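As structure tokens, the structure follows; a few thoughts come after it.
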Amino acid sequence: MCRIDAAAKEAAVARFLEEFPRAPRAGRDHPALRGCEDIAWAEFPGCPAGIPALLRALLDPAAAPEAERVLGNVLMDGVFHMGPAMPAALPFLLRLAAGPKAPPRTGLVELLLVVAELSSPVDGSSERAVRAFGSDRDHPERAQCRAVFAEHAGLVHGLLDGRTLPDGFLGPDDRASLLRAATP
């Protein structure tokens, strides 16, 4: 199974900060990011300490697309696996996506869709599903993300109200996935 290692994640954050050194200042006082500095990100296995810089950089119009790409990569452990820091990052992502002024808003919603899908419980009786996605016992971040979605259900419903995203951006399956994730 292909996994993204901690050194590669740290290197990606360092490259981003080298390319966009001023970007993390953009969101320094944004209310959606209050508390992101208080989390010991590096204590999550395989997680770089630079997550707050990437979250703040999402509010820099020039750096936002790259910040979103790097953030998505460092919060994942592989193609079908969220990293253990995803539940801690999810409230910030939800609050940013819910704000109509976040520059990469549609990209954030796309990341939320991936998280919603990957948060779904895996059918433990399906050997194929367990082989592809791992068991829920081995991936507690799934249940933790579902709890975050449920806790922030109001933000999820706000995204789905039809007036906050471009017409046709979310299809019926996307809407159903977000609603499932936000329903305890």
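The values are calculated or read from the model by the stated rules, or taken from the named source; none is laboratory data. In this text, all values refer to a predicted model and were calculated from it rather than measured experimentally. Cβ atoms come from the backbone with ideal geometry, glycine included; neighbour counts cover every protein chain shown. Areas reflect the complete protein model, heavy atoms only, side chains present, ligands, DNA and RNA absent. Shrake-Rupley method; radii C 1.70, N 1.55, O 1.52, S 1.80 Å.
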Single unsatisfied condition, Val74 versus (1) crowded, with 19+ Cβ neighbours inside 10 Å; (2) farther than 29 Å from Ser120 by Cβ; (3) hydrophobic (A, V, I, L, M, F, W, C): (2)
Pair list, Cβ under 6 Å, 6 or more apart: segment 34-62 residue over 19 Å from Asn73 (Cα atoms), other residue assigned to a helix (DSSP H, G or I) and of a type outside the set (Gly, Ala, Ser): Glu37/Pro52
Single match in Ala67, Ala40 (criterion: crowded, with 24+ Cβ neighbours inside 10 Å and small (Gly, Ala, Ser)): Ala67
Restricting segment 1-37 to residues that are assigned to a helix (DSSP H, G or I) and among the charged types (D, E, K, R), the residue that is least open to solvent (accessible area, probe 1.4 Å): Lys9
Residues (outside any loop (DSSP other than H, G, I, E, B) and over 9 Å from Ala85 (Cβ atoms)) located in segment 44-69: Pro52, Ala53, Leu54, Leu55, Arg56, Ala57, Ala64, Pro65, Glu66, Ala67, Glu68, Arg69
